[in-house]
Amino acid sequence: MEKSRPLWDNPLQFVFACISYAVGLGNVWRFPYLCQMYGGGIASVVVSFFLSMYYNVINAWAFWYLFHSFQDPLPWASCPLNSNHTGYDEECAKTTSTQYFWYRKTLNISSSIEENGNIQWEQAVCLILAWLVVYLCILRGTESTGKVVYVTASLPYFVLIIYLIRGLTLHGAVNGLIYMFTPKLEQLANPKAWINAATQIFFSLGLGFGSLIAFASYNEPNNNCERHAMIVSLINSTTSIFASIVTFSIYGFKATFNYENCLNKVILMLTNVFDLEEGSLTADNLDSMKDYLTTTYPNEYAELLPQIKNCSLEDELDTAVQGTGLAFIVYSEAIKNMEVSQLYSVLYFIMLLTLGIGSMLGNTAAILTPLTDSKFLSSHLPREVISGIVCFINCIVGLVFTIEAGNYWFDIFNDYAATLSLLLIVLVETIAVCYVYGLRRFEKDLHLMIGHKPNWYWKIMWAFASPVLIISLFIFYLTDYIRSGTLQYQAWDATEGQLVTKDYPSYALAVIGLLVAASTMCIPLGALIIFITKRLKKNVSIRA
């Protein structure tokens with residue numbers, strides 16, 4: 001789980017919020033140094049396209065859970081019975097009801113990425129619905145998108161406030177908050193922690209995706225991008241802390257509930273087996289009673305020992321998950337134990353949908369802005385048709401993630417399509433602004449826009465601190481890759497009811513390589529093509 005954010009997101013936010021008008025150009029295709037010379041804008045569009053392919057699947061899952069939230073009881077509240085109605089389903093009995101609903105009822109996941117399986121039509125219908133909603137929101141361009149963003153940006157705060165009030169009143173919420181604010185110093189030496197933090201910042205602020213440049217191109221030339229960058233970064237960081245308090249209060253409730261449930265099961269088992277007096281065994285004297293039973297009944301206790309779980313609140317808190325696991329397993333498990341669980345479930349998944357749709361609007365804008373600004377396309381096709389084609393292509397490709405092995409492919413796209421690529425794109429674009437376009441030229445452009453020159457802090461962060469930090473992340477990324485060796489993934493073992501680690505097959509590794517190369521290679525190839533084109537034009541002019 002994310003517990004902190006780097007402090008250098010503000011300068012990069014400032015750069016990308018001001019690029020479009022600082023160079024006097026309207027979109028990512030025409031920005032001379034980032035795109036025509038270095039291919040950074042094309043790489044951003046490619047990354048945004050990859051993100052659109054898989055990200056809307058999250059909205060499809062949110063629709064699926066939302067539709068099931070109106071049932072009483074919630075379908076993930078308990079395990080279903082087996083075919084003979086003599087007990088619980090065997091797979092569900094080995095795991096939890098929330099994990100069973102996620103892996104079996106929602107994903108119907110296969111045992112490995114090599115077993116593709118069939119398309120899950122319920123999920124496919126939800127995906128089509130998600131893309132239909134996105135298309136309707138972007139149909140009229142910024143006119144309709146801007147109105148939708150008011151809802152997608154404000155509604156989550158309303159729901160989070162409700163969850164904050166409810167979360168802080170839950171039993172065990174304090175345990176989660178203590179866990180959140182307790183620093184884990186050993187994580188500072190973990191390269192993945194820094195890589196995940198940087199990727200999260202890029203996602204939340206839209207750095208490297210082109211969405212900032214796309215939206216900034218619609219602003220007035222005298223727009224105060226410095227003030228807006230500071231406000232957005234401050235709101236982003238404050239919202240992260242606010243949402244983390246909500247998340248960890250609920251996470252503490254879930255961990256405490258599971259811990260106390262584990263204790264109660266152990267107490268009940270020991271009381272029944274050793275015929276203890278009712279109420280004589282409690283959570284406070286459990287450890288001392290275990291020692292007494294071990295000494296008094298050594299043989300009986302030794303036989304029972306494999307069935308006695310080692311209940312630990314710290315272990316429950318340490319089983320932190322992220323991504324889809326946090327959104328669809330941890331939260332749904334906590335919600336099922338709340339009073340009026342259907343209400344909180346509906347509110348939560350509506351919030352998740354608005355957040356997801358809001359992210360998709362920014363991401364599709366990064367794709368559509370250069371396409372609709374292209375004279376060739378805009379002269380032949382109206383914006384509505386271009387938007388429809390983009391949504392249709394992404395929806396068709398997204399059906400891959402609705403097959404039984406689809407979640408494994410989702411993880412591949414989520415882990416590799418926009419991680420290393422984003423770091424490289426942001427690094428190149430920052431260097432292009434500071435050292436190719438020129439920091440002094442950029443400073444003069446900003447002076448015309450905001451009425452004053454940026455102070456020394458901004459210039460140091462742009463020219464030195466941000467590039468050094470991004471390069472350091474590259475080193476961390478490569479170090480982590482060398483340490484890990486063969487790339488692996490988490491597969492669901494239905495027989496054991498848990499995740500197991502497996503190696504990616506060769507064709508999956510090839511797809512990972514193509515995903516990384518498709519965006520990163522736009523930069524050197526773009527530079528090479530422009531270099532060759534300019535040399536040819538120069539030779540032709542000399543001969544003429």
**Report entry** helices (runs of 4 or more DSSP H) contained in the stretch 292-373 and holding at least 3 residues closer than 30 Å to residue 385 by Cβ, in contact with a helix residue (DSSP H, G or I) (Cβ under 8 Å, 6 or more places away or on another chain) and open to solvent by less than 40 Å² (accessible area, probe 1.4 Å)
**Finding:** 341-373
Query raised in the report: Going through the stretch 163-206 one residue at a time, which ones are of a type in the set (S, T, N, Q), in a helix (DSSP H, G or I) and either more than 16 Å from residue 240 (Cβ to Cβ) or open to solvent by less than 30 Å² (accessible area, probe 1.4 Å) (or both)?
Result: 175, 187, 199
Report summary line: In the stretch 374-384, residues that are in a helix (DSSP H, G or I), closer than 16 Å to residue 139 by Cα and not small (Gly, Ala, Ser) total 2
Query raised in the report: Within the stretch 86-99, is even one residue under 26 Å from residue 399 (Cα atoms) and either open to solvent by 10 Å² or more (accessible area, probe 1.4 Å) or out of contact with any strand residue (DSSP E or B) (no Cβ under 8 Å at 6 or more places or on another chain) (or both)?
Result: yes
Requested in this report: For the stretch 378-415, name all the residues that are in contact (Cβ under 8 Å) with a residue 12 or more places away in the chain, among the hydroxyl-bearing types (Ser, Thr, Tyr) and farther than 17 Å from residue 121 by Cβ.
Outcome: 387, 408
Query raised in the report: Here are some residues: 76, 102, 61. Which one is surrounded by 21 or more Cβ atoms within 10 Å (Cβ to Cβ) and over 26 Å from residue 412 (Cα atoms)?
Result: 76
Query raised in the report: If we scan the stretch 221-233, do we find a residue that is in contact (Cβ under 8 Å) with a residue 60 or more places away in the chain, open to solvent by 60 Å² or more (accessible area, probe 1.4 Å) and over 31 Å from the mean Cα position of the chain (by Cα)?
Result: yes
Requested in this report: Tell me which residues, restricted to the stretch 91-135, are among the charged types (D, E, K, R) and either closer than 13 Å to residue 493 by Cβ or under 24 Å from the mean Cα position of the chain (by Cα) (or both).
Outcome: 91, 94, 104, 105, 115, 122
Report task. Give just the number: which of (1) surrounded by fewer than 19 Cβ atoms within 10 Å (Cβ to Cβ); (2) within 21 Å of residue 522 (Cα to Cα); (3) of a type in the set (A, V, I, L, M, F, W, C) does residue 413 not satisfy? Result -> (1)
Report task. State which residue is most open to solvent (accessible area, probe 1.4 Å) when the search covers only the stretch 240-269 and only residues that are touching a Lys or Arg at 6+ places or on another chain (Cβ under 8 Å) and over 23 Å from residue 159 (Cα atoms). Result -> 265
Report summary line: Among residues of the stretch 400-433 being assigned to a helix (DSSP H, G or I) and more than 20 Å from the chain's Cα centre (by Cα), the residue nearest to residue 202 (Cα to Cα) is 427
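Condition check ((1) modelled with pLDDT under 85; (2) surrounded by 21 or more Cβ atoms within 10 Å (Cβ to Cβ); (3) among the acidic types (Asp, Glu); (4) assigned to a helix (DSSP H, G or I)) across all residues:
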site	(1), (2), (3), (4)
108	no, no, no, no
114	no, no, yes, no
124	no, no, no, yes
127	no, yes, no, yes
133	no, no, no, yes
161	no, no, no, yes
Requested in this report: May I ask you to list pairs of residues, at least six apart or on different chains, whose Cβ atoms are under 9 Å apart, with the first in the stretch 88-112 being free of Cβ contacts under 8 Å to residues at least 12 places away in the same chain and more than 22 Å from residue 401 (Cβ to Cβ) and the second being part of a loop (DSSP other than H, G, I, E, B) and charged (D, E, K, R)?
Outcome: none
Query raised in the report: How about the stretch 416-442: which of its residues are open to solvent by 30 Å² or more (accessible area, probe 1.4 Å) and hydroxyl-bearing (Ser, Thr, Tyr)?
Result: 416, 435
Report summary line: Of the listed residues (268, 276), the one being more than 28 Å from residue 334 (Cβ to Cβ), out of contact with any strand residue (DSSP E or B) (no Cβ under 9 Å at 6 or more places or on another chain) and at pLDDT below 90 is 276
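The values are calculated or read from the model by the stated rules, or taken from the named source; none is laboratory data. Owing to the predicted nature of the structure, the values given are computational and were not obtained by experimental measurement. Note: ideal-geometry Cβ built from the backbone for every residue, glycine included; neighbour counts use all protein chains shown. Note: accessible area is taken over every heavy atom of the protein model, side chains too, but ligands, DNA and RNA are not part of it. Shrake-Rupley method; radii C 1.70, N 1.55, O 1.52, S 1.80 Å.
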